[in-house]
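Single-structure report; data block below.
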Amino acid sequence: MKFKIGTSEKLDMLKFKNLGQEREKIIKSSYTDNVKFDYKLNNLVKIIHPKEIKVTVTNIINETLETKTFELKPLNGTLPNFKAGQYIVLDIMKNGHIYKRSYSISSSPKDLSSYQITVKKVRNGLVSNYLLNNVKVGMEFTIHGPFGNFTYNRLRDKYDVLALVGGSGITPIMSLARAINDNLEDLNLTIIYGDHEEKDLIFKKELDELAKKNDNIKVRYLLSDEHSSVYDTGLISKDTISEYEIGKYSYFVCGPIHFYHHLNEIFKELDIPNKLIRHDIFKENEVLKHIKHNLTVLTNDEKITLSCYEDEPILQALEEADIDAPRKCLVGECGFCRSKLIEGKIRTDETRLREADKDYNYIHPCVSYPLSDITIKLCK
Amino acid sequence: MNYDAIVIGAGNGGLVAALTLQKKGKKVLLLESHNTVGGVATSFVRGRFEFEASLHELCGFGNSENTGEIFELFEKLDILKKLKLKEINETFHVMTIDTNEEYTMPVGIENFINKMEEYVPNSKESMQNFFELCQENDEALKYLNEAKGQIDSEVLKSKYPRFMVFASYSLEEVLNAIKMPKKAREIISTYWTYLGSPANEISFVHYASMIYSYIKLHPVIPTKKSHEISCALYEEFLKLGGEGKLLTTVQKIIVENNEVKGVVTTDDKTYYAKIIISNASPNLVYGKLISKEDVPLKARQLTNARTLGARGICVYLGLNKSPEELGLKNYSYFIYHTLDSKKEFERMKKLKNDNMVGVVINNAIPNASPKGTTILYLTGLIFSDTFSNIVTKDNYFDLKDAIADNFIEVFEKTTKIKIKDAIEEIEVATPLTFARYTNHPDGVIYGYQARKSDNLLPRLMNQNNEDYIKGLYFAGGFASRLSGYSSSYKSGEMAALKALAKKEVNDEI
Ligand SMILES: Cc1cc2nc3c(=O)[nH]c(=O)nc-3n(C[C@H](O)[C@H](O)[C@H](O)COP(=O)(O)OP(=O)(O)OC[C@H]3O[C@@H](n4cnc5c(N)ncnc54)[C@H](O)[C@@H]3O)c2cc1C
């Protein structure tokens, strides 16, 4: 093949040979200022996704006998924007240990001068009860986030949303209702809120007011342990859900893990597609402390052996032993605690592991429990 | 603590650099900001879906009979047997918004030429010439790579005479010179966005090497997303005794007398080594990690002379119907207003430009998501800092929604395929997301733009003159092979071998 590009082959070859020198020349004539790594976008990352935020408790509201709302204000500046339904991770010092727990933000995304989290007493709850009993106005905490995908998306979700709430699962939904009221979200929200008795219902007064004020917020209560003429009695059932036209609604499920399992059975019976179901699980682990295994933890610099009960999430044992393992959501959603199982057997509630991670024995210690003596390796 | 080498960042370049050094018996420390390795070569899970974060198709692979450079690299690194890669049976499939054109190009040189002849009669001869040049280009590049910057122009002249003639020209200039019909030129330039420069700016050498490797060797994709490759590289590194620390960010590189000494991490630990390979950008290294007074003049000038490359936007969709049910027949959907890359390059300086590449990963890997579902990801590029200028903390969520809206609408309108009602999961990545996960300036995903003297050849030819600080080398998308999976893997190997070679020379002296 014959072809010609420039004026002559010779010149083209010369041009090629000069490519390097040409580059040298450009470099030499370029300006000599210091290189600055100062980009608006990279700076914005630190504002939208800060590594941590120092906050003070500025107000404590008694919601019910067993529930309090804590208002957290940043020591400096304003807080990152968030979507209703997201959570923060709170570092809690208790008896010299640092516990990290996630709490949904219950306040509206409109007010970024503070976040509110709402905490309910949990039977044998290690950390929640500590918060309820010991936290005073003026105390300082470190928080991380906001994180999470339990948020409304108009491209994915139906305009009509049926929120199925169990107990303290009301917190992210409260934020969503407030966001609708503040014109930050546009959807038609119907809340079915189940708890034991009327006195357990959190935010009842405000929910009723919001429903009165907004055509697209409706709320209905369901009490399992109290018979009254005002409220429905029982648990959220197949019949309750069938009252709402199937196919018209997206379902936002929020509550304890057994509540979620219960509803999942119903969804299966009703043949409701995955697309229409979003969930947020609340979990505080109750450890019965029967069977104990050795847990060996490897880091790059250390080998530590401790023990872990068979019904205790591995992550919880690490926390008790003051090992600063990475952790965020604690329910196997976010994958942040990803660690490698070197030896031994585990049981897991895992659903979110990457395929390739399975091949290399990665686990999420927040939802994994030892079935034998085990060894795990942390990521640093 | 002392190491032979420290690698900053575990993206493709960093992983290969670390493993190459470890294989040579060096004591290596690999530091990575995130809790997984791979950089953008990773995946994430939402609901029932594991989404590929970046990879559309891997080039330069091939198979055992017809090996490409990445096949050979993975074989050398002993990870080949652990990987399950699938061939993609299509080079590209492109549609235009303004002119309603559609072309689907097959793999294999013969097939490609024949298909082009169908679309553009009388293109055959120029296409054959094109592939002849591609082949010579390939061989010449191999020589240049092996010569490691020590190029003997007599060898070049006798063995690759045509290479020396076309090597300093753009894609557009060479295609014109071989008299390829206009439409064929436009079609064959479809991949221009993969290299992030229009046909008049991208060098023929670079473009030809990429497209040739796709057409001749088949593009491939790992069955368990790019995370499969990233994991395999890291596991092999650990197995050989390499030390990796994730969730560990380097905040300082210690330089004394123009020589690297070590690094300091954000948890205030110091690690020492005489070789440092950075997968982080030169902008970060010279602009933040190294003290101002220790950055040589030329390093500043080089960095200041360069233009940041493409910013990326990606809309990841988990659909609750199968590709057949939806009517998604192709693997890729390149969607442009027109096939004129110069015009489109200008258009793509705006945030809302409608151009995108859609990938239906299930059409190569049927079980990439649960049965009866589809993963479709739509990637768009922006060739300016317009996103940064528009975005604020308060409009960020709305901006993401608006971007997704537009991508989906344009995709539906152009392909006439309805996807909206099937969306079960959706996630949007913006330049801000990429800035967060890579720490790269302005969230660019393609390193520096391949323009003028910053194209592949000038970078390769000068690679030995640009190591301005003793012991400091770069790997990844900002380095001398430019961006892309294959290039960044290869650049990791190049940086490691160069560091070792220079070290030996220095040790002898
Ligand atoms: C959406 C998208 C689609 C793409 N599609 C394709 C495709 O189909 N085919 C193809 O070939 N290429 C594709 N690319 C390009 C390709 O992914 C990249 O060129 C390549 O992965 C870059 O690798 P890298 O080595 O530069 O590392 P990067 O992925 O850029 O990673 C850099 C790493 O360094 C770490 N780091 C940075 N600073 C520090 C620090 N101070 N301390 C510690 N760690 C640090 C970061 O955390 C990160 O992990 C695509 C890219 C994107 C974003």
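The values are calculated or read from the model by the stated rules, or taken from the named source; none is laboratory data. Since this is a predicted model, take the numbers as computed values, not measurements. Quick reminder, even Gly has a Cβ in these numbers, built from the backbone with ideal geometry, and neighbours come from all protein chains shown. The area values use the complete protein model at the heavy-atom level, side chains included, leaving out ligands, DNA and RNA. Shrake-Rupley method; radii C 1.70, N 1.55, O 1.52, S 1.80 Å.
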Distance from the Cα centre of the range B:430-509 to that of the range B:27-75, in angstrom? 18 Å
With a 1.4 angstrom probe the carbon and sulfur portion of accessible area for the protein assembly as shown, in percent, totals 48 percent
Set of aspartates and glutamates near B:LYS115 by C-alpha distance (under 18 Å), chain-local residues within fewer than 8 positions excluded: B:GLU90, B:GLU101, B:GLU102, B:GLU125, B:GLU132, B:GLU186
The range B:110-217 - percent relative contact order, Cα under 8 Å, separation 6 or more: 33 percent
For the range A:216-247, list residues with backbone N below 13 Å from a point placed 7 Å from the Cα of A:LYS199 toward its Cβ? A:226
Heavy-atom accessible area per residue, chain A, 1.4 Å probe: how many Å²? 47 Å²
When you count, for each residue, the other Cβ atoms within 10 Å and take the mean per peptide, how do A:22-33, A:359-370, A:256-267 rank with the highest first? A:359-370, A:256-267, A:22-33
Can you work out the accessible area per residue across the range B:94-206, with the rest of the protein chains kept in place, probe 1.4 Å, in square angstrom? 40 Å²
Can you give the accessible area buried between chains A and B, summed over both chains, with a 1.4 Å probe, in Å² to the nearest 100? 7900 Å²
If you roll a 1.4 Å probe over the heavy atoms of the protein chains, what accessible area per residue do you get for the range B:310-441, in Å²? 35 Å²
With every protein chain in place, the residues of the range A:267-291 shedding 20 Å² or more of accessible area versus the chain by itself (probe 1.4 Å) are A:ASN274, A:LYS275, A:ARG278
At a 1.4 Å probe, which residues in the range A:1-16 are at least 40 Å² less accessible with all protein chains present than in their chain isolated? A:MET1, A:PHE3, A:ILE5, A:ASP12, A:MET13, A:LYS15, A:PHE16
So, R0 is 22 Å and r is the distance between the beta-carbons of B:ASP405 and A:TYR159; what FRET efficiency does that work out to, to 0.05? 0.90
What is the Cα centroid distance between the range B:174-224 and the range A:243-258, reported in whole angstrom? 50 Å
In chain A, which cysteines lack any other cysteine Cβ under 4.7 Å from their own? A:CYS254, A:CYS308, A:CYS337, A:CYS366, A:CYS379
Quickly estimate the mean residue ellipticity at 222 nm for chain B, helices only: each DSSP H run with n ≥ 4 gives -39500 (n - 2.57), and the total goes over all residues, rounded to 500. -11500 deg cm²/dmol
Can you give me the angle between helix A:19-29 and the longest principal axis of chain A, using Cα atoms only, in degrees from 0 to 90, rounded to the nearest 10? 70 degrees
DSSP-loop trypsin sites (Lys or Arg not before Pro) across the range A:203-244, with at most 11 other Cβ within 10 angstrom: none
At 7 Å along the Cα-to-beta-carbon direction for both A:GLU226 and A:LEU11, put a label point, then send me their distance in nm to one decimal. 9.3 nm
A:ASN214/A:SER29 FRET efficiency (R0 45 Å; Cβ-Cβ; nearest 0.05): 0.10
Could you please state, rounded to a whole Å, how far the C-alpha centre of the range B:107-124 is from the C-alpha centre of the range B:309-356? 24 Å
Among the GluC sites (Glu not before Pro) in the range B:62-98, which ones are in a DSSP loop with at most 12 other Cβ atoms within 10 Å of the Cβ? Mind listing them? B:GLU65
Averaged over its residues, how many other protein chain Cβ atoms are within 10 Å of peptide A:350-361's Cβ atoms? 6
Evaluate the distance, in nm, between pseudo-label points positioned 7 Å from the Cα of A:LYS292 and of B:GLU259 along their respective Cα→Cβ axes. 5.5 nm
FRET efficiency, 1/(1 + (r/R0)^6) with R0 41 Å, evaluated for B:GLN251 and B:ILE390 via beta carbons: 0.85
In 10 Å bins starting at zero, report the fraction of Cα pairs in the range B:453-509 per bin as a rounded %. 24, 54, 19, 3
What average count of beta carbons from other chains do you get within 10 Å of the Cβ of residues in B:301-308? 5
Exercise: per-residue mean of other protein chain Cβ atoms within 10 Å, B:35-48: 4
Under 16 Å from B:LYS350, Cα to Cα: aspartates and glutamates that are on another chain or at least 8 residues apart: B:ASP385, B:ASP442
